[in-house]
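Here's the structure we're looking at; comments come further down.
The values are calculated or read from the model by the stated rules, or taken from the named source; none is laboratory data. The shown structure was predicted, so the numbers you read here are calculated from the model rather than taken from an experiment. Backbone-built Cβ (ideal geometry, glycine too); neighbour counts: all protein chains shown.
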Amino acid sequence: MFAGCAPDYGFGGTKTVYIEIPTYIYEEIPEDPGLVWVDSFTQVTTVNGIDIIWIIDQSGSMSNDEDKVIAGIEAMINALPEAGWRLNMLSADPYGYTDAQFPLVPGATVDDAQAMYNAMAAGGREAGFSALQYYILYSSYASTWLRSDAALLVVFVSDEEEQSTTEFPNVSDFTTWYSSLRQNVYLSSIVNFDPNESTCNNTDNYTGKRYMEATNWYNGVIIDICSDDWSTGVRDATVQLDPYESIILSHTPVEDSIRVFANGQLYYDWHYDSSDNTVYFDVIPDAGVLVEVGYRYMSLDTGADTGKDTANT
């Protein structure tokens, strides 16, 4: 507001006249700094080999899946290291486990896997959690091949919901028990997905929710039992046992904003490759270390916002 004086020609003297003058304020609007995201993983601990148990639903509805089971096991055998692993198969019926099958070991063939599958005892229950517990606690043969200092990977295969509700009312009851078995335990599941996501014409009653919940607890791999080929997922389940040498970022980062931390401390032995949106570790982080990759990305980035990290070796 500007105040000025002007002569008053009618009466002599002066009067004050207020004149409105617009004011412009210039403010710099900052460029979009982007959103912040952190991908992370805990480095795999060095172990003395890998013990693997496939727990397979042997009920009548699974009869059409035998070829895919054998093909999946063959894919896993081919993806495993040349030494240090043992693999066995069990029925998902706690009272139908085979007590004295010698595990497959390096050098085993698909024919060996087929012979083991054929020798499995069949059972009508779809209770994979209990089947695993009964085998480990009550089978005199289990202790002859399972190793306390090896990693343990369990793969559940079923086209129905997990039914160990008496022994494990809540999935957390199972994961607490399973985690207590040894330092390094892993899970994968080959089960029915939700009807809206599955290629099967199943109802919600057959969705393997409890298997999937347990598997997600361990960030394991879940495969749709109705898919034609399980091999990719099975190989991914095997890869989770290997040390992380790189991590695929969930979003396309502002490159100069990338920071890598190992147990909360800045980590410098890495480089970023924009061609595959991956951070590679020039020096592989030590076992048990929590690795976090933080960065900014633009809000228009359409990367998969899963809330989970995606790592690979």
Of the conditions (1) closer than 12 Å to V38 by Cβ; (2) in contact with an Asp or Glu (Cβ under 8 Å, 6 or more places away or on another chain); (3) surrounded by 17 or more Cβ atoms within 10 Å (Cβ to Cβ), the single one that F281 does not satisfy is (1)
Scanning the stretch 81-119 residue by residue, those among the aliphatic types (A, V, I, L, M) and surrounded by fewer than 20 Cβ atoms within 10 Å (Cβ to Cβ) turn out to be A83, A100, V105, A108, V110, A115, A119
The number of residues in the stretch 34-55 that are modelled with pLDDT under 70 and either outside any loop (DSSP other than H, G, I, E, B) or more than 19 Å from the chain's Cα centre (by Cα) (or both) is 2
Matching residues in the stretch 187-235 (of a type in the set (V, I, T), modelled with pLDDT of 80 or more and either outside any helix (DSSP H, G or I) or under 17 Å from S164 (Cβ atoms) (or both)) number 8
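Okay, residues lined up against (1) modelled with pLDDT of 90 or more; (2) in contact with a strand residue (DSSP E or B) (Cβ under 6 Å, 6 or more places away or on another chain):
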site: P30; (1), (2): no, no
site: G60; (1), (2): no, no
site: W85; (1), (2): yes, yes
site: V110; (1), (2): yes, no
site: Q114; (1), (2): yes, no
site: N118; (1), (2): no, no
site: G124; (1), (2): no, no
site: A127; (1), (2): yes, no
site: S130; (1), (2): yes, no
Kindly indicate whether S130 is within 20 Å of L181 (Cβ to Cβ) and surrounded by fewer than 17 Cβ atoms within 10 Å (Cβ to Cβ).
no
Of the listed residues (I248, I223, I258), the one being out of contact with any Gly (no Cβ under 9 Å at 6 or more places or on another chain) and hydrophobic (A, V, I, L, M, F, W, C) is I248
